[in-house]
1. Express the accessible area of the range 143-226 per residue in Å², computed with a 1.4 Å probe while the remaining protein chains stay in the model.
2. Mind ranking 78-85, 54-61, 120-127 by how tightly packed they are, going by the mean number of other C-beta atoms within 10 angstrom, highest first?
3. Take each of the peptides 214-223, 155-164, 133-142, 171-180, average the number of other beta-carbon atoms within 10 Å over its residues, and list them starting from the highest.
4. Quick one: of 103/174; 120/174; 132/212; 103/208; 120/208, which pairs are farther than 30 Å apart, Cα to Cα?
5. Give the carbon-plus-sulfur fraction of the accessible surface of the range 68-223 in %, rounded to a whole number; probe 1.4 Å, heavy atoms of protein chains only.
6. Taking θ as phi - 60°, what are the ³J(HN,Hα) couplings along the range 103-112 by the Karplus curve (6.51, -1.76, 1.60), each to the nearest whole Hz, with x for Gly and Pro?
7. Sequence-distant or interchain residues sharing an amide H contact under 5 Å with residue 65, placed H: which?
8. Convert each backbone phi in the range 75-82 into a coupling constant with the Karplus relation 6.51 cos²θ - 1.76 cosθ + 1.60 (shift: θ = phi - 60°), then list the ³J(HN,Hα) values in order as whole Hz, x for Gly and Pro.
Amino acid sequence: MNYERIVILLLIAALLVVLFRPVAVKVSVPATTPDPATPPATPPATAAIPGTLDVIHSRKSVRSYTGAPVSQEALLTLVRAGMAAPTARNSQPWAFVVITDRKQLDALAEALPSGRMLAKAGGAIAVCGVEKEFLEGEGREMWVQDCSAATENILLAAEATGLGAVWLGVYPNKDRVAAVSRVLKLTPGVLPLNVISIGYPTGAERPKDKYKPEKIHTDTWGNQPR
């Protein structure tokens, strides 16, 4: 075989290698665009949802405590939950006094006719309205609703964290407002709505079943659920 034929055969072999070499094909997949007419899938239920309902239905007014102190950190956790409550026009017309001092708790127990359990409470939170944050005109008294929503959040958070709590009403009773303001040294323009007595429960109290279907109306007054 002469030199020229060898060169030709090598060139043919190289051409065949190029022609039949596997080629990676890049496939472009278009991005999926959500159909606005198709609603998103409902997320699956999680363990947090039944847990929340358990806390709500387990909440109770706890007046019997072990006497163990409640840390300021634990009370601040409850206050943080309180501040997550809704407020009219996002006014947030509240302030909170966190109480752990034994003398202060005893003084509140004496100042409030219904607050004797504070003598064994491990802590307390006073939920107050700040007048300069109140809405004007007819919306002024919305602060009561706002601070009440914060109070309920605190009560539920107490239940969820193993604490017991009870709402002690103060406002609008003038004598109680004056007594609590004196003990806590509240400045003018700060109104105590309530004092929440908090402690580690002895287990004496049990939640009450308050569900009454006859109090439910559907669509219009007088229509009972089927």
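1. Details: 4990 Å² over 84 residues.
Spelled out: the 1.4 Å probe surface of the range 143-226, per residue, equals 59 Å².
2. Numbers: 78-85: 17.5, 54-61: 14.4, 120-127: 24.8.
So the order, starting with the most tightly packed, is 120-127, 78-85, 54-61.
3. Working: 214-223: 8.1, 155-164: 20.2, 133-142: 12.3, 171-180: 15.9.
My ranking of the peptides, most packed first, is 155-164, 171-180, 133-142, 214-223.
4. Values: 103/174 23 Å; 120/174 26 Å; 132/212 40 Å; 103/208 33 Å; 120/208 23 Å.
Cα-Cα > 30 Å for 132/212; 103/208; rest within.
5. 52
6. Karplus values, whole Hz, x for Gly and Pro: 5, 5, 5, 5, 5, 5, 4, 7, 6, 9.
7. Under 5 Å from the amide H of residue 65: 202.
8. 5, 5, 4, 5, 4, 4, 5, x
The values are calculated or read from the model by the stated rules, or taken from the named source; none is laboratory data. These numbers were taken from a predicted model, which means no experiment stands behind them. Don't worry about glycine lacking a Cβ; one is built from the backbone with ideal geometry, like all the others, and counts go over all protein chains shown. Only protein heavy atoms, including side chains, enter the accessible area calculation; ligands, DNA and RNA are left aside. Shrake-Rupley method; radii C 1.70, N 1.55, O 1.52, S 1.80 Å.
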